[in-house]
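Below is one structure; the comments refer to it alone.
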Amino acid sequence: MELKCDFQVYHPLGGASYVFEHDIVNYILRKSKKKKIVISVGAQPNSSPHFGTLCVFSLAFSLAKMIKENRCDKEVSVLFEVVDTAPSKTVEINGIKYQKDLKDSNKMTDAMKDFQEILTYFSQKNNISYSVRNQNAFNSQKEIKTILKNIVSKQDEIRYMLDPDKGRLRIRCTCPKCGLVDKEGVNTIIENDIIKSICPEHGEYIVNYIKNSNRVEYNTPLRNLVRAIIYGIISESSNYDYEIIRITGGDYAGFYQEELLYKIASILGYKADMLPMILYCPQILDWSGAKLSKSLYVKEGAYSDLPKYVINYSFLKEKFGIAGLDVIMDETMLWLNEPYRLFRNYSVYYFIKLFEERGRK
Ligand SMILES: [Zn+2]
């Protein structure tokens, strides 16, 4: 089969693109109650940022810029939440999976250089400040203790929603001696204020997560839940002068958030209305409609038919220089200016065409 394409782009309306066809920024501003708005994005810095991550970051700065242009009394900044508790490597010992965290590896150092470079570029280009926070700092926030206690006390009601397969509450702490952690919580028990776990080398260790909440780590659904709840609490609280909007990849929209965030938050006693607004960045899809995956490229040599610059930032920079990011930035600005373009996904060929057109100018 040979794919033929006439390169016409259509934007059929439906769902959110119908409701927010012409405006999204004023809708966001009408809901905003505070002077300061923080736009949060997250990523696991395990290698040079994936093309989809570049779109998420670019959309965050585009939104910040548009908010400021619309309402000059608002202070807007971008917050990069670094998921440094993601695995740098996984090992299996006696049939149990253990991971070493990114934060304990040097893999993260090189990747963070790229992230910092991108953040600085977008920041200077749009005159928007940004900050970077790791998981230790995130979990040191005082509200985390209450949220965790609440989750632990209702674990029997929610653990099969968060982990339908095994029903394990994936809150964990690394071994204080070697940094290994029981990835799937096989030998981890959470009760009252205590997380009890076993290191294959150093035996049992106990962490009081109320006293040492900074040491706590989560799997992705739990991190997503805890993050949304604390963002909601901060945005509502008069003790903080800012509110938080989240931008994340479109692969998390829909069933995932409804089942794993909104319904569980409701069981825990948090109203859906207090949870933060989440704006989903369009996904970049391959020919079959699957999202482009950096790890498939690295591990399995996928996408050999595509130009490398759509895989990650280092290839993009190699081909176009750092100004290659402008192509993405122009596009994410367009998504917000004409939001019927925002509530849909894009094929990788759409972006390749944008880069080719830019090259001809
Ligand atoms: Zn150990």
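Every read-out reported here was derived from the displayed coordinates using simple, explicitly stated rules and does not represent laboratory data. Since we're looking at a predicted model, the values are computed, not measured. Using ideal geometry, Cβ is built from the backbone for each residue, glycine included, and neighbour counts are taken over all protein chains shown.
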Check your understanding: GNM on the chain, C-alpha springs below 10 Å: top fluctuator among ILE245, ILE67, ILE93?
Key -> ILE93
Review point. Once you put a point 7 Å from the Cα of LYS166 and another 7 Å from the Cα of TYR10, both along the Cβ direction, what distance in nm separates them?
Key: 4.6 nm
Practice item. Could you work out the relative contact order of the chain, using alpha carbon pairs under 8 angstrom and six or more residues apart, expressed as a whole percent? Key: 22 percent
**Study point:** Dipole in debye (nearest 20) - region 1-159, about Cα centre, beta carbon charges: Lys, Arg +1; Asp, Glu -1
**Key:** 780 debye
Point to revise | Spatial separation of Cα centroids for region 288-334 and region 176-253, in angstrom | key: 31 Å
Practice item. Please identify the cysteines of the chain that lack any partner cysteine with a Cβ under 4.7 Å from their own Cβ. Key: CYS5, CYS55, CYS72, CYS173, CYS178, CYS281
Check your understanding: Which values of log₁₀ I(q)/I(0), to two decimal places, follow from the Debye formula for the chain at q = 0.07, 0.08, 0.09 Å⁻¹ with a uniform point scatterer at every Cα?
Key -> -0.32, -0.42, -0.54
Check your understanding: Exposure proxy check: ILE247, ILE96 ranked by fewest other beta carbons within 10 Å?
Key -> ILE96, ILE247
Practice item. May I ask you to give the average projected area over all directions of the convex hull of the Cα atoms of region 197-265, in nm² rounded to one decimal? Key: 7.0 nm²
Review point. About its Cα centre, how strong a charge dipole does the chain have in debye, to the nearest 20, once Lys and Arg get +1 and Asp and Glu get -1 at the Cβ?
Key: 700 debye
Study note, to complete from the structure: Rounded to the nearest 10, the angle in degrees between the Cα long axis of helix 143-153 and the longest principal axis of the Cα atoms of the chain comes to 60 degrees
Check your understanding: aspartates and glutamates within cross-link reach of LYS74: Cα-Cα under 20 Å, excluding same-chain residues under 8 positions apart?
Key -> ASP23, GLU236, ASP241, GLU243
Practice item. Report, in degrees rounded to the nearest 10, the 0 to 90 angle that the Cα long axis of helix 107-126 makes with the longest principal axis of the chain. Key: 50 degrees
Check your understanding: Restricting the count to DSSP beta bridges whose residues both fall in the chain, what percent are antiparallel, rounded to a multiple of 5?
Key -> 45 percent
Check your understanding: Is the shape of region 44-134 best called rounded, prolate or oblate, per the rule: a/c under 1.5 gives rounded, else a/b larger than b/c gives prolate, else oblate, with a ≥ b ≥ c the square roots of the Cα gyration tensor eigenvalues?
Key -> prolate
Study note, to complete from the structure: Taking Cα pairs closer than 8 Å and at least 6 residues apart, the relative contact order of region 301-361 in percent is 22 percent
Exercise for review: Assuming 1.306 mPa s and 10 °C, estimate D for region 80-127 with Stokes-Einstein, Rh taken as the Kirkwood radius over Cα pairs, in µm²/s.
Suggested key: 127 µm²/s
Review point. According to the Cα gyration tensor, what semi-axes, each the square root of 5 times an eigenvalue, does the equivalent ellipsoid of region 173-235 have, listed from largest to smallest in whole Å?
Key: 24, 12, 10
Check your understanding: Roughly what angle does helix 220-236 make with the longest principal axis of the chain, taking Cα atoms, 0 to 90 degrees, to the nearest 10?
Key -> 80 degrees
Review point. Based solely on its DSSP helices, what 222 nm [θ] is calculated for the chain when runs of n ≥ 4 H residues each add -39,500 (n - 2.57) and the sum is averaged over all residues, nearest 500 deg cm²/dmol?
Key: -11500 deg cm²/dmol
Practice item. Measure up LYS35/LYS294; LYS125/LYS308; LYS34/LYS113; LYS149/LYS183; LYS291/LYS353 against 27 Å on the Cα-Cα distance and list the ones that go over. Key: LYS35/LYS294; LYS34/LYS113
